[in-house]
Amino acid sequence: MTFRPPLRLRLDGEALVSNYQWLAAQSGNAECGAAVKADGYGLGAREVVKRLSSVGCRQLFVAHWGEAEAIADLVPRAQIAVLNGFDADDSASALSLGALPVLNTPQQIARWKAAGGGRCHVMLDSGINRLGLGPEQIGQELFNGLEIDILLSHLASADEDVAQNGEQLAQFLAMASCIDVTRRSMANSAGIMLGSEYHFDLTRPGLSLYGGVARPEMAGTIRQVVSLQALVLQLRMLPAGSKVGYNALYTCDGPTRVATLSIGYADGYRRGFSNSGSVVFEGLRLPVIGRVSMDLLLVDASAAPSLSEGNWVNVDYDLPTAAKQSGLPQYELLTGLGQRAERIWI
Ligand SMILES: *Cc1c(COP(=O)(O)O)cnc(C)c1O
């Protein structure tokens, strides 16, 4: 590229691999796959898949066929599962791509059989009531002639200690008992921590691969993968009483050295960080002041007299902390990351 963006996403490949290996170990005897949908939760699916494949991760989950296509040259195609199923319009290209659909409805199953699709996966809805076959929809004849590799179900509240987890487990076991499959899979990142009865043959973490702390038991072990660095575009000394940013959400108490940084909500640094986020320069923490703009961010740099135009600062983006600062879920902090930043894998 001719111009280097004034914003960088630093992606720690070692931390990604370490998180995968820890989640795989926590999965006990079950194989550990990976959810790489939404472009690898915003990091870049291709780079994520290369790194996870190199340490033995085989089963991958995406949401769309286009996402499967985007990684199809990197892994054996049958290792890619497409969670959102199999649309009539997808038929021809889906079959020729060779990734396997997760069939979610009787119609999808009928369509797959009619297309002579062969091996596939099936999603059972054990209580999230979102996507998959409900208990009232299953019967032996539905599955006749289907060659099912993975039978999946998805937990609604694995990040909480609630009765719904056990209820979903019981429902999945009851529904699965009459279906002939190769592998069963229920646990997402948080589900892995619920114990071995949730592991079955295959786990499928997403969030925690990328640094998300899905449950408190993961704190201190799951490593931060994504960090952000923004360029300082301007520095000014403002007198006490100056109003800062859109709608003057911040007023300077005293004389304040304000730095303007090249990151904004269009980059995924969302408006929830207004007056609450922070950045670090040479170990000094500088608070975000005022409202986050589309392309710009203001911080109080009074504590860092050596900061100058053209310096890079680290934007605090440890996911549990950033979620508290912004009031946004860790999932959205990752998947919202914009495309303008330069992605640098270290
Ligand atoms: C996104 C997704 C996952 C991964 O969930 P995390 O909470 O990110 O670990 C697993 N299974 C299904 C069906 C999903 O949609």
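Some points to look at:
- Scan of the range 198-233 for residues that are in a helix (DSSP H, G or I) and out of contact with any Leu (no Cβ under 8 Å at 6 or more places or on another chain), ordered by number: Pro216, Glu217, Met218
- Criterion applied to Glu69, Glu136 was being of a type outside the set (Lys, Arg), open to solvent by 50 Å² or more (accessible area, probe 1.4 Å) and touching a residue at least 24 places away in the same chain (Cβ under 8 Å), and the one residue passing it is Glu69.
- The condition (being surrounded by fewer than 24 Cβ atoms within 10 Å (Cβ to Cβ) and either closer than 14 Å to Asn19 by Cα or of a type in the set (A, V, I, L, M) (or both)) is satisfied by just one residue among Ile148, Ile222, Ile192: Ile148.
- Among residues of the range 304-319, those that are free of Cβ contacts under 8 Å to residues at least 60 places away in the same chain and open to solvent by less than 60 Å² (accessible area, probe 1.4 Å), counted: 2
- The range 221-243, residues that are under 33 Å from the mean Cα position of the chain (by Cα) and among the hydrophobic types (A, V, I, L, M, F, W, C): Ile222, Val225, Val226, Leu228, Ala230, Leu231, Val232, Leu233
- Ala322 being farther than 30 Å from Leu207 by Cα, buried (at least 18 other Cβ atoms within 10 Å of the Cβ) and small (Gly, Ala, Ser): no
- Number of positions in the range 174-192 that are within 11 Å of the ligand (Cβ to nearest atom) and part of a loop (DSSP other than H, G, I, E, B): 3
- Residue list for the range 38-79, filter: closer than 15 Å to Gly206 by Cβ, assigned to a loop (DSSP other than H, G, I, E, B) and more than 13 Å from the ligand (Cβ to nearest atom): Gly44, Cys57
- Note on the range 149-170: residues that are farther than 21 Å from Ala214 by Cα and within 16 Å of the ligand (Cβ to nearest atom) amount to 3.
The values are calculated or read from the model by the stated rules, or taken from the named source; none is laboratory data. These numbers were taken from a predicted model, which means no experiment stands behind them. Positions of Cβ are backbone-derived with ideal geometry, glycine not excepted, and every protein chain shown enters the neighbour counts. Remember, those area values only see protein heavy atoms, side chains included, never the ligands or the DNA or RNA. Shrake-Rupley method; radii C 1.70, N 1.55, O 1.52, S 1.80 Å.
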